[in-house]
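Since the structure comes first, as C-alpha cells, the remarks are kept for the end.
The values are calculated or read from the model by the stated rules, or taken from the named source; none is laboratory data. Keep in mind the model is a prediction, meaning the values are calculated, not measured. Cβ: placed from backbone, ideal geometry, glycine included. Neighbour counts: every protein chain shown. When the accessible area is computed, the model is the full protein with side chains, heavy atoms only, and any ligands, DNA or RNA have been set aside. Shrake-Rupley method; radii C 1.70, N 1.55, O 1.52, S 1.80 Å.
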Amino acid sequence: MGATPRLIEVRKNVLKQNDLAARGLRERFQEAGVLVVSLVSGPGSGKTAFLEKTLAWLHRDYRVAALVGDLATENDAVRLARSGAPVKQITTGTLCHLEAAMVGNALEGWRLNDLDFLFIENVGNLVCPSSYDLGENLRLVLISVTEGEDKPLKYPTIFNSADVAIVTKMDLGPAVEFDWHSAYGNIQAVRPGMQVMKLSAKTGAGMEEYFNFLATRLAELRATTIPAK
C-alpha cells in the first residue's frame, strides 16, 4: 500500500521533466521553422516502409531528416538511410518509448535551420508513447488493415494524443476483409472529428494526398515563423 503513492509521485516527476524538455524542443523547432512529425504505431503497422517512402519523396524538393527509436537494433535506421536523408538511431534499451531528452541528445551535430521536415519514428508500441510529448508539431498514429478495425477502441489514449490517424496497407484490405467504414467509425467514436487518411506505401495509393497535407502544414508553419539563418 505504501509503495503506490511513491510510484505515482515518481511518474509525475518523470512526466514533468519530459514536458519541460519537450517545451524547450518545441521552441527550438519553432525558431528554426522546421515541421516536426512523429509517428506512433504498434509493431507491424508498416511504419518504417511508410517513412521510407515519405523521406524518399520529400527529399527531392525539401530538406528532410529522421530520428528512429528502437529497443535494440539499428535495422530501421540503415533501411531509412537509403532515402538519402540524414537518419539517426535512438536505442532505448528497455524503454518502450522515446522521451524528449533522447530526442534533444540525438539532435547534437544537426543544424535545425538546415531542415524543412524532421520525422521522429517512435518505438512500436500503442501504450507508452501516448504520455510523452516530444515537442512535435504533428503526431500521426498508424494502424494497418491487418491489425483489425477495433484497434482504436482497444487503445483510445494513443488516438486521443495524436493529431491524424493513418490506415496503412490498404492494398491488403480485400485479402483480410478489412471494413474501412467500421474502422473509420471506431476512430471517430474515440476521437470525434479526427482527420483520417487511408493509403498504401507499396502501391502509392493515397500517398499524394498525404504529401500535399504535409506541404500545406509546412507552409502554414512558415507563414507564422521566420527561420533564423
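Quick notes on this one:
- Looking at Val78, Val68, just one residue is of a type in the set (Val, Ile, Thr), surrounded by 15 or more Cβ atoms within 10 Å (Cβ to Cβ) and more than 23 Å from Leu20 (Cβ to Cβ), and that residue is Val68.
- For the stretch 30-115, no strands (runs of 3 or more DSSP E) sit wholly inside it while including 3 or more residues that are hydroxyl-bearing (Ser, Thr, Tyr) and within 16 Å of the chain's Cα centre (by Cα).
- Residue tally, condition open to solvent by 10 Å² or more (accessible area, probe 1.4 Å), touching a residue at least 60 places away in the same chain (Cβ under 8 Å) and over 11 Å from the mean Cα position of the chain (by Cα), over the stretch 116-127: 3
- Where strands (runs of 3 or more DSSP E) fall entirely within the stretch 128-229, those with at least 1 residues that are buried (at least 22 other Cβ atoms within 10 Å of the Cβ) are at 138-144, 164-168.
- Qualifying positions in the stretch 48-96 - under 18 Å from Leu140 (Cβ atoms), touching a His at 6+ places or on another chain (Cβ under 7 Å) and of a type outside the set (A, V, I, L, M): Ser83
- Just one residue in the set Ala162, Ala215, Ala175 is touching a strand residue (DSSP E or B) at 6+ places or on another chain (Cβ under 9 Å) and small (Gly, Ala, Ser); that residue is Ala162.
- Of all residues in the stretch 76-114, those that are within 12 Å of Leu55 (Cβ to Cβ) and aliphatic (A, V, I, L, M) total 5.
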